[in-house]
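The values are calculated or read from the model by the stated rules, or taken from the named source; none is laboratory data. These numbers were taken from a predicted model, which means no experiment stands behind them. As a convention, Cβ positions derive from the backbone with ideal geometry for all residues, glycine included, and neighbour counts pool all protein chains shown. What goes into the accessible areas is simple: the full protein's heavy atoms, side chains included, and nothing from ligands, DNA or RNA. Shrake-Rupley method; radii C 1.70, N 1.55, O 1.52, S 1.80 Å.
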Amino acid sequence: MACQNNLVVKQIIDLYDQISKLESLKPSKNVDTLFGQLVSTCLPTDTNIDVTNMSEEVKDMRANLIKLCGEAEGYLEQHFSTILGSLQEDQNPLDHLHIFPYYTNYLKLGKLEFDLLSQHASHVPAKIAFVGSGPMPLTSIVLAKFHLPNTTFHNFDIDSHANTLASSLVSRDPDLSKRMIFHTTDVLNANEGLDQYDVVFLAALVGMDKESKVKAIKHLEKHMAPGAVLMLRSAHALRAFLYPIVDSSDLKGFQLLTIYHPTDDVVNSVVIARKLGGSTMTGVNGTRGCMFMPCNCSKVHAIMNNRGMKKNMIEEFSAIE
């Protein structure tokens with residue numbers, strides 16, 4: 001197949017071969033170098049490569065690579081969360097988040113997601129759930145610190161140790177320690193309470209394959225409040241070798257609002273959908289929240305055009321708004 005003969009795909013396969021032979025995926029010079037090379041190789045968006053239209057052999061390799069990336073990412077977050085949590089008692093770990101290698105990316109992603117959320121919600125969310133928050137819940141932290149100063153964040157993770165590390169990060173912050181709540185549970189077992197949230201985030205690594213991803217989305221659709229917003233992480237083009245893809249067909253019971261594919265070093269695409277059956281003007285309890293201040297989302301298309309973004313990226317974004 002032509003795609004398999006593509007030089008970039010060959011480079012990814014070669015990196016996969018090296019990564020799959022590592023004795024450990026915990027942070028080390030060799031691990032960091034290989035994954036750094038992998039991310040750099042997968043960043044270009046000026047490609048017509050469709051990872052869903054490859055040979056079964058390459059599809060299997062991609063599925064295994066996504067799992068390896070998820071495992072390595074978990075170890076990386078655990079490593080830096082442990083370092084930050086062990087700082088002296090008089091230090092706030094949140095003042096030192098810049099030591100995490102991808103912190104700048106999370107700042108960019110958080111701003112992007114806040115702007116897109118502002119475009120599709122008429123009130124400031126009172127409560128947000130983040131499913132798959134991990135040992136370093138940077139999305140919740142960034143949104144709480146810089147964009148949503150009055151919102152409470154409920155972080156769900158199946159790993160109790162991850163929640164212990166995450167809780168330690170915010171415990172010394174006088175503000176976030178009051179607005180960050182951690183729940184140790186499999187989201188598929190969370191049947192009650194999901195209708196409390198104005199917005200639910202589903203992390204990219206919750207559901208590492210199509211079947212489990214769809215299963216998680218179906219569960220959220222069943223228990224979220226009508227009108228609540230679901231925000232998901234997806235991937236596009238070569239970046240789909242790093243993270244699973246969320247298709248519009250996966251969002252049964254939701255109104256698809258936006259799919260946005262970044263073209264900078266923010267790896268994840270952002271998918272926004274609304275649970276069918278509710279009003280966009282009220283919160284999940286029928287109460288009216290304070291209005292979002294006007295954001296710069298209306299300028300997104302003009303900015304993208306000025307930067308010369310690929311036409312198909314704009315058409316995909318515009319067609320589903």
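Read through the list (1) under 15 Å from the mean Cα position of the chain (by Cα); (2) surrounded by fewer than 21 Cβ atoms within 10 Å (Cβ to Cβ), then give the number of the only condition that GLN88 fails.
Single failed check for GLN88: (1).
Restricting attention to the stretch 38-53, which residues are under 13 Å from LYS10 (Cα atoms) and either open to solvent by 70 Å² or more (accessible area, probe 1.4 Å) or not in a helix (DSSP H, G or I) (or both)?
ILE49 - this is the single residue of the stretch 38-53 that is under 13 Å from LYS10 (Cα atoms) and either open to solvent by 70 Å² or more (accessible area, probe 1.4 Å) or not in a helix (DSSP H, G or I) (or both).
So that you can scan it fast, the table gives a plain yes or no per residue for (1) closer than 22 Å to ALA204 by Cβ; (2) out of contact with any Gly (no Cβ under 9 Å at 6 or more places or on another chain):
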{"residue": "ASP50", "(1), (2)": "yes, yes"}
{"residue": "ASN53", "(1), (2)": "yes, yes"}
{"residue": "GLN78", "(1), (2)": "yes, no"}
{"residue": "GLU89", "(1), (2)": "no, yes"}
{"residue": "LEU116", "(1), (2)": "yes, yes"}
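Go through the stretch 165-220 residue by residue and tally those that are among the hydrophobic types (A, V, I, L, M, F, W, C), under 20 Å from PRO149 (Cβ atoms) and either assigned to a helix (DSSP H, G or I) or at pLDDT below 95 (or both).
Summing the residues that are among the hydrophobic types (A, V, I, L, M, F, W, C), under 20 Å from PRO149 (Cβ atoms) and either assigned to a helix (DSSP H, G or I) or at pLDDT below 95 (or both) in the stretch 165-220 gives 4.
What number goes with the only condition from (1) surrounded by fewer than 15 Cβ atoms within 10 Å (Cβ to Cβ); (2) in contact (Cβ under 8 Å) with a residue 40 or more places away in the chain; (3) under 21 Å from ASP265 (Cβ atoms) that ASN105 does not pass?
(1)
So GLU23 clears everything in (1) open to solvent by 70 Å² or more (accessible area, probe 1.4 Å); (2) free of Cβ contacts under 8 Å to residues at least 40 places away in the same chain; (3) part of a helix (DSSP H, G or I) except one condition, right? Which one?
(3)
Being modelled with pLDDT of 95 or more, farther than 14 Å from ALA203 by Cβ and surrounded by 16 or more Cβ atoms within 10 Å (Cβ to Cβ) narrows it down to one residue among HIS120, HIS147, HIS96, HIS154; which is it? It would help to see each step written out before you state the result.
Values: HIS120 fails: modelled with pLDDT of 95 or more; HIS96 fails: surrounded by 16 or more Cβ atoms within 10 Å (Cβ to Cβ); HIS154 fails: farther than 14 Å from ALA203 by Cβ.
Answer to the check: HIS147.
Looking at SER160, SER171 in this structure, which one is within 17 Å of PRO93 (Cα to Cα), of a type in the set (Gly, Ala, Ser) and more than 18 Å from the chain's Cα centre (by Cα)? Give the derivation first.
On the way: SER160 fails: within 17 Å of PRO93 (Cα to Cα).
Of SER160, SER171, the one residue that is within 17 Å of PRO93 (Cα to Cα), of a type in the set (Gly, Ala, Ser) and more than 18 Å from the chain's Cα centre (by Cα) is SER171.
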